[in-house]
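**Q** Structure in structure tokens, see below.
A short reminder: the numbers here are calculations on the coordinates, not readings from a lab. Please read these numbers as outputs of a predicted model, since none were measured by experiment. Note that we place each Cβ from the backbone using ideal geometry, even for glycine, and neighbour counts take in every protein chain shown.
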Amino acid sequence: MFRSIWPYIGAGIILLFAIGAILAPWLSPYDPYEIHLSEQLAGPSRAHPLGQDANGSDILSRLLYGARISLAVGLSVVALTAVVGVLLGLVSGYYGGWIDTLLMRLVDILLAFPGLLLAIALVAVLGPSMRNVVIALAVLGWVSFARLVRGQVLSVREREFVLAARTSGQSDLRIMVVHILPNVLSPVIVQATFGIAGVIISESSLSFLGLGAPPGTPSWGAMLSQGKQVLLDAPHVSIFPGLAIMLVVLAFNFVGDGLRDRLDPRGGSGRRG
């Protein structure tokens, strides 16, 4: 299916982290919230393969539960923004006119703001919580999907099979859903894959700044923030959550690159209505 081995490696890494997140209650050797101050900052050992943090909590257990947060936020934000962006992009590209102008000017306004700074401002106003993190990241996330789909629709709507559907008297809704949408989904899937990686980085950044998960929650970004204070004395506290973020983001990028090569319409894999 893929031309390179890297997308398969990325898919394998994602699968491993997904299994770890789903089975975290059974795979975690300890309670991630358990505190042992007498063993704080202890290095890797047989009992604690990845060591313990500043509270004496087991880092491996917290990484497994942290995978739940990162993957859940990444999937939920991308799912929400993809649905909104695809719908608005379809309407904007198909109808054009004042609808297209209004939506694209809104897109231009939102793109004028740096994404992470806007998310920080929104979470600061709404209050730090995972729900507000999802809302803040979704406010800007739909823009890339809307622009992508709108551009694809502009090139598809004048194709012969769409004109034939109009001539036969089919409704606009049926034309958009049945004939146009399947022909613009390939780049959306690729964009969604890269989007998950971006959301995971953004969520980790917000948690690192104390604007994501509540204090004490096993979040990779919060673990990194805790580890920065003891980086020289106990580097393992930062190294392992940093590696987890790096591996997951790389994995989604590998899969995204493979999907882009496989689903590129110029490669002859585009559908017809």
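**Q** Could you give me the ³J(HN,Hα) list for region 219-234, computed from phi with Karplus coefficients 6.51, -1.76, 1.60 and θ = phi - 60°, whole Hz, x at Gly and Pro?
**A** So the J values, rounded to whole Hz, are 10, 4, x, 5, 5, 4, 4, 5, x, 5, 6, 10, 4, 7, 7, 9.
**Q** Using only Cα atoms, find the angle between the long axis of helix 115-126 and the longest principal axis of the chain, and express it within 0 to 90 degrees, rounded to the nearest 10.
**A** Helix 115-126 and the main axis of the chain meet at about 70 degrees.
**Q** Taking θ as phi - 60°, what are the ³J(HN,Hα) couplings along region 97-110 by the Karplus curve (6.51, -1.76, 1.60), each to the nearest whole Hz, with x for Gly and Pro?
**A** Result, ordered by residue: x, 5, 5, 4, 4, 5, 5, 5, 5, 4, 4, 4, 4, 5 Hz.
**Q** Please name whichever of 77, 26, 183 sits farthest to the positive end of the charge dipole of the chain, dipole taken about the Cα centre and charges placed at Cβ: Lys and Arg +1, Asp and Glu -1.
**A** Result: 183, furthest along the dipole toward the positive end.
**Q** Next question, about the same structure. At 10 °C and 1.306 mPa s, grab the translational diffusion coefficient of region 81-240 from Stokes-Einstein with a Kirkwood Rh over Cα pairs, rounded to a whole number in µm² per second.
**A** 89 µm²/s
**Q** Longest exposed-loop-site-free stretch of the chain, with GluC sites (Glu not before Pro), DSSP loop and at most 14 other Cβ within 10 Å?
**A** Segment 35-157 is the longest.
**Q** Per-residue HN-Hα couplings for region 200-208, Karplus 6.51 cos²θ - 1.76 cosθ + 1.60 at θ = phi - 60°, whole Hz, x for Gly and Pro?
**A** So the J values, rounded to whole Hz, are 4, 5, 5, 5, 5, 5, 5, 5, 4.
**Q** Pick out which of 170, 52, 191 has the largest mean-square fluctuation in a Gaussian network model of the chain, springs linking Cα atoms closer than 10 Å.
**A** 170
**Q** Further question on the same structure: Using a Förster distance of 35 Å, how high is the FRET efficiency between residue 108 and residue 246, based on the Cβ-Cβ distance and rounded to 0.05?
**A** Computed FRET efficiency for residue 108 and residue 246: 0.60.
**Q** Right, here's the next one. Can you check what the Kirkwood hydrodynamic radius comes to for region 10-62, Cα pairs only, in Å to one decimal?
**A** 11.7 Å
**Q** Can you give the charge dipole size of the chain about its Cα centre, rounded to the nearest 20 debye, using +1 on the beta carbon of Lys and Arg and -1 on the beta carbon of Asp and Glu?
**A** Values: 18 positive and 15 negative charges, 204 e Å.
Using only the charged Cβ atoms, the result is roughly 980 debye.
**Q** Please give the residues of region 210-224, grouped as numeric ranges, whose backbone N is less than 12 Å from a label point set 7 Å along the Cα-to-Cβ vector of residue 55.
**A** Under 12 Å, as judged by backbone N against the label point of residue 55, lie 214-219, 222-223 of region 210-224.
**Q** Over all distinct alpha-carbon pairs, what is the Kirkwood Rh of region 39-146 in angstrom?
**A** Working: mean 1/r = 0.0604 Å⁻¹.
This gives a value of 16.6 Å.
**Q** Then there is this: Which angle between 0 and 90 degrees, to the nearest 10, do you get for helix 6-22 versus the longest principal axis of the chain when only C-alpha atoms count?
**A** 60 degrees
**Q** Output the direction-averaged projected area (hull surface divided by four) of the convex hull of the alpha-carbon atoms of the chain, in nm².
**A** For the chain, the mean projected area of the Cα convex hull comes to 16.9 nm².
**Q** Among 12, 236, 40, whose Cα sits farthest toward the positive end of the charge dipole of the chain (+1 at Cβ of Lys/Arg, -1 at Cβ of Asp/Glu, about the Cα centre)?
**A** 12
**Q** Can you give me the C-alpha center-to-center distance between region 200-245 and region 53-120, rounded to a whole angstrom?
**A** Their Cα centres are 21 Å away from one another.
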